[in-house]
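A quick write-up on the structure given underneath.
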Amino acid sequence: MKLTELSRGEKATIVKIGKLGDLKKRLTDMGITAGEIIKLERDAPLGDPQQFLIKGTGIAIRKEDAKHIEIKDIIGIK
Amino acid sequence: MIKIAFAGNPNVGKSALINEIAGSSLKVGNWPGVTVEKKEAQFEYKGQQIKLVDLPGVYSLSPYTLEEKITRDYILEENPDVVINVVDSTNLDRNLYLTMLLKELGKPMIMALNFIDEFEKLNYKLDLKHFEKHIGMEAVQTSALKNRGLVELLEKALLVAEKHKNQVHSKYELRVDKFLETEMKKVEEFIKNSEEFTPVVKKYAIDFIVIKLLEGDKHFLGKLKAYGINNMETIDESIKKIEEKFDEDVETIFAESRYGAVKGILLHTLKTSLKSRLDFTDKVDKILLNRVLGLPIFLLLIAVLMGTVFNGAAPLQDWLDGFINGFIGKYAGFLVEGTPDWLSSFVLDGLIAGVGGVLVFVPLMLFLYFFLAILEESGYMSRVAFLMDKIMRTMGLNGKAFVPMVLGFGCTVPAIYATRTLEDEKSRRLTALMAPFMSCGARLPVYGLFTAAFFGKSAGMIVMSLYFLGIFVAMLVGLTFRKHKYFKTEDTALLIELPPYRIPSIKMITRSALTRTGSYLKKATTVIMGILIILWALTYFPNNGDTENSYMAKFGKTLAPIMKPTGFGDRWEAVAAIVPSIAAKEVVVGFMAQVLPLKDTEKETEERTTLSEDIVDQVKGLGFAIKDSFMGIINIKAIGGLFETPDAEAIEEEGQGVVRAVANLWAGDKEGPLKAYSFMVFILLVVPCIVTLAAIKQEFGNKFMWFVTGFLVIVPYVASTLIFQIGRLFI
């Protein structure tokens, strides 16, 4: 599954970051690594980018980049 | 001298910490060759000279961003005596990743556990003793806001520097997977046995060399070339083995090892509570980033920002203008009485007016930097990028570029300085190229004069069309240049942290505004003064003050034929007005009044006042200005006034009969209004003013300033010509 498939408030585990060139390293440096839990906080009012929560930090990522991040085990909100 | 470098992630309060420690000795400049801000301080502490350097906030030390390169190169090449790693104690599991990377560099280090007041409020507990042992350095609990631990931090840092005086590199071992470790050992053996590597091993820590070689770090490999090292078969072999085994690139594997090490350290030393540091931020974001409310609130905030900056500064600017040209000018006039005409004109119209031209911007700069610092330090600036990203992306920029653009409607100069909030140099350039097309406040009097003379009742519509034309041209420029290699940012992704909201300290914000304004004064003065004096000379000579026969007028007459296609080129007065307009756009009105035959008006007789009366007047005036400035800040309704064109009456006051005189430029010419419009378009798009150019030079260097100058001459020429030539088809 892709990170963009997450709905607002849902959490999932990161599996792998795909082919993103230098951006991959930057995502890794910001804490987006395999095994981490990531949560979608909200979409920007114009629909893009999206705000995620990872390692206790809010991070904005564009959808075109988020779709290269693979996730699994989506947990919904109750 | 002891050199202390501060390194840490963005938003960890690093600058506030330095501000508190260094106090007024803090200086703001740029890192050589780039526009990344560099903060430094030098002072004496207990008989020792100490130099503090604030390295750019980074998440990593990879060679991908300018900030990271600067930080890494400084630590590796400039050999600071000790590195203070500032971390946000409320977010250790992410902050310590950089700590791991810094440790690989092998320099003496100490940690500042910052925001310790928030840490305690969250009821988090850290076993400091064991934490220090595992992380391999001393850690001091600090809070700039509560003034905690600052002296201790400085003293411990000095002790660490002293202790490591003679030691080149400290040993550091990243605990990694067994397989990875074997390969690392292999590489280490290879390096130690290779003669080529001897000088490299002397300069850099061995762990650092091994890790960077395996990661295939481009920046580091480039440096090795300088040592003549190219053959690295052994290393390539190891890389291949590792990547095969883990099915992942080496960089990522090392990154994961570092995160793993951090997790291990924190597992046994840190106890968090159920509270999160983001509780407050979440609540605020629910409103400020709300799907429906987010954008309206943002636009309202921008309107308030514009209002406070421009309306707050205007009364003080007016007062300064009056003080310099009226008060100082008057008494300087007495001093130069009896000297030759050219000398007194030089002192009054050249020198003093020049000083005035620079100083008048000081209140504006102060207000701008003050409010920009609030936006930045509070954490809202990142939200601006988040909110506006989708729109600005179409022009190859990220959302933050929106702020300079909007400021451009008030004044281009602060817009140029506001590009500093963009991280990427190329985006900054593109923004600076687009911002001058936002019609600034100083152009309004020109529009006022020409619309009053040619358009009567439809003046408002005409002015509005000019604003939109400016925006349109800016977008066109953005779309055209975003792919050019000089502007195209490699950093196409928006990947930013939305940091927790924090209430910025007034002291720090004030200091930041003061130092940045100080650097404007120091750097811009020479350029602006120089050009203003040249412009003065051009309008004064050769006939001693007879503007109509000055070099400027001659220049206008010579250039008029070239300007013919634009329509307004048939009147040399209009052409000549463009050159002094780069001193400041509003000068066009005065210039027109000087060169056009006006109806005779009685010269006002000045009242005689004494020096003491004048001083009282000036002080009173300052009082009123401060009051008006305050009122301007709190009166949100006054924002609309920024876009109000002065009416004909107000313009008449400037130079009596000037509106009629301008109307006479093309009286009876059925193309007259079109020519006037073409002139206004030219004024809209041409080089805004020399202060803007000085700002561009300061921020981007000489070459780019000349490029912008040329660009802002060609674009208006083409636009005015197109408008006139197409427009006349319909007349």
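Worth a mention:
- Check on B:Glu244, out of contact with any Leu (no Cβ under 9 Å at 6 or more places or on another chain) and within 11 Å of chain A (Cβ to nearest Cβ): no
- Test: residue in the stretch A:66-75 that is touching a Pro at 6+ places or on another chain (Cβ under 7 Å) and closer than 18 Å to B:Asp389 by Cβ: no
- Of the helices (runs of 4 or more DSSP H) contained entirely in the stretch B:114-196, those carrying at least 1 residues that are in contact with a helix residue (DSSP H, G or I) (Cβ under 9 Å, 6 or more places away or on another chain) and more than 25 Å from B:Ile265 (Cα to Cα) fall at B:150-163, B:178-193.
- Taking the criterion of being of a type in the set (Val, Ile, Thr) and either in contact with a Gly (Cβ under 7 Å, 6 or more places away or on another chain) or not assigned by TED's automatic domain parsing to the domain that holds B:Val53 (or both), the residues of the stretch B:63-115 that qualify are B:Val86, B:Val87.
- In the set (1) surrounded by fewer than 20 Cβ atoms within 10 Å (Cβ to Cβ); (2) within 11 Å of chain A (Cβ to nearest Cβ); (3) in contact with a Phe, Trp or Tyr (Cβ under 6 Å, 6 or more places away or on another chain), B:Gly260 fails one condition alone, (3).
- Condition check for B:Val579 on (1) under 33 Å from the mean Cα position of the chain (by Cα); (2) at pLDDT 80 or above; (3) outside the structural domain of B:Leu684 (by TED's automatic domain parsing); (4) aliphatic (A, V, I, L, M): one failure, at (3).
- Odd one out for B:Gly357, checked against (1) more than 13 Å from the chain's Cα centre (by Cα); (2) buried (at least 18 other Cβ atoms within 10 Å of the Cβ); (3) within 14 Å of chain A (Cβ to nearest Cβ): (3)
- Conditions (1) of a type outside the set (Asp, Glu); (2) in contact with a Pro (Cβ under 6 Å, 6 or more places away or on another chain); (3) not assigned by TED's automatic domain parsing to the domain that holds B:Asp389; number of the one not met by B:Asn290: (2)
- Residue count for the stretch B:270-305, restricted to those that are of a type in the set (A, V, I, L, M), within 11 Å of chain A (Cβ to nearest Cβ) and assigned to a loop (DSSP other than H, G, I, E, B): 4
- Within the stretch B:668-726, being small (Gly, Ala, Ser) and either farther than 23 Å from B:Leu364 by Cα or in contact with a Leu (Cβ under 7 Å, 6 or more places away or on another chain) (or both) holds for B:Gly668, B:Gly672, B:Ala676, B:Ser678, B:Gly710, B:Ala719, B:Ser720.
- Residue match in the stretch B:334-349 (condition: polar (S, T, N, Q), outside any helix (DSSP H, G or I), over 30 Å from B:Arg383 (Cα atoms) and away from chain A (no Cβ under 14 Å)): yes
- Candidate set: the stretch B:236-254, residues that are closer than 23 Å to B:Arg72 by Cα and touching a residue at least 12 places away in the same chain (Cβ under 8 Å); chosen: the one surrounded by the most Cβ atoms within 10 Å (Cβ to Cβ): B:Phe254
- Strands (runs of 3 or more DSSP E) contained entirely in chain A, each with at least 1 residues that are more than 7 Å from every other protein chain (Cβ to nearest Cβ) and of a type in the set (Gly, Ala, Ser): A:11-17
- Some residue of the stretch B:204-217 being surrounded by fewer than 18 Cβ atoms within 10 Å (Cβ to Cβ) and of a type in the set (Lys, Arg): no
- Hits in the stretch B:213-269 - residues which are hydroxyl-bearing (Ser, Thr, Tyr) and not in a loop (DSSP other than H, G, I, E, B): B:Thr234, B:Ser238, B:Thr252, B:Ser257, B:Tyr259, B:Thr269
- Scanning the stretch B:655-701 for residues that are modelled with pLDDT of 85 or more and among the basic types (Lys, Arg) returns B:Lys670, B:Lys675, B:Lys697.
The values are calculated or read from the model by the stated rules, or taken from the named source; none is laboratory data. Bear in mind the structure is a predicted one, so any value in this text is a computation, not a measurement. We place every Cβ from the backbone using ideal geometry, glycine too, and count neighbours over all the protein chains shown.
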